[in-house]
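To start, the structure under review is shown below, and the notes come after it.
Just so it is clear, none of the values below were taken in a lab; they were calculated from the coordinates. The model shown is predicted, which means the values in this text are computed figures rather than measured ones. Note: ideal-geometry Cβ built from the backbone for every residue, glycine included; neighbour counts use all protein chains shown.
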Amino acid sequence: MISATGLTKTTNFINDLIARGRYTIGGVVKYIDIYKTEVSGNTITKYLYIANEDAGTITNLKLIDKDGDIYADRPDSISKASNKGILVSFKITISEV
């Protein structure tokens, strides 16, 4: 069984591994900084904020790790107006199975 310390260290490692976000809008791939991170116990929530400037259909939402590889993705398709921002969250829970 993984100890509480082991879970905490694994959670912190994964939290530090995720570097930025990526999405596609209008066929253009864009990279964005992580807007906010929350860590509660063994759950990490990463938020991406897509600002007002972009408008169109947002697809291929992804978290990118420090090596530039995809860590997590969401197959969502979100319509976005130019006068509104969108906050997207990725929730990752570490557990032993």
In whole Hz, with x marking every Gly and Pro, tabulate ³J(HN,Hα) for the stretch 43-51 from phi via Karplus 6.51 cos²θ - 1.76 cosθ + 1.60, θ = phi - 60°. 10, 10, 10, 10, 10, 10, 10, 9, 6
Counting pairs of alpha carbon atoms under 8 Å apart in space and at least six apart in sequence, what relative contact order in percent does the chain give? 30 percent
Looking at LEU87, THR45, GLY21, which one has the Cα that reaches farthest to the positive end of the dipole of the chain (charges on Cβ: Lys, Arg +1; Asp, Glu -1)? LEU87
Other-chain or far-sequence residues with amide H under 5 Å of TYR35's (modelled H): TYR47, LEU48, TYR49
Here the tail fraction of P(r) beyond 18 Å, over all Cα-Cα pairs of the chain, rounds in percent to 48 percent
Residue by residue through the stretch 8-22, which ³J(HN,Hα) values in whole Hz follow from phi under the Karplus form 6.51 cos²θ - 1.76 cosθ + 1.60 (θ = phi - 60°), with glycine and proline marked x? 4, 5, 5, 4, 5, 4, 5, 4, 6, 6, 7, 9, 6, x, 8
Give me the distance in nm between label points sitting 7 Å out from Cα along the Cα-to-Cβ direction at THR45 and THR59, one decimal. 2.9 nm
Contour minus Cα-Cα distance for ALA72 and ILE32 (0.36 nm per residue): 12.9 nm
Sketch the reach of a paramagnetic label on ARG20 as a point 7 Å from Cα along Cα-to-Cβ, and name the residues of the stretch 38-66 whose backbone nitrogen lies under 16 Å away. 47-51, 61-66
Relative contact order of the stretch 4-61, please, whole-number percent, based on alpha carbon pairs below 8 angstrom and at least 6 residues apart. 35 percent
In whole Hz, what ³J(HN,Hα) sequence does the stretch 75-85 give by Karplus (6.51, -1.76, 1.60; θ = phi - 60°), x for Gly and Pro? x, 5, 10, 10, 7, 10, 7, 6, 9, 9, x
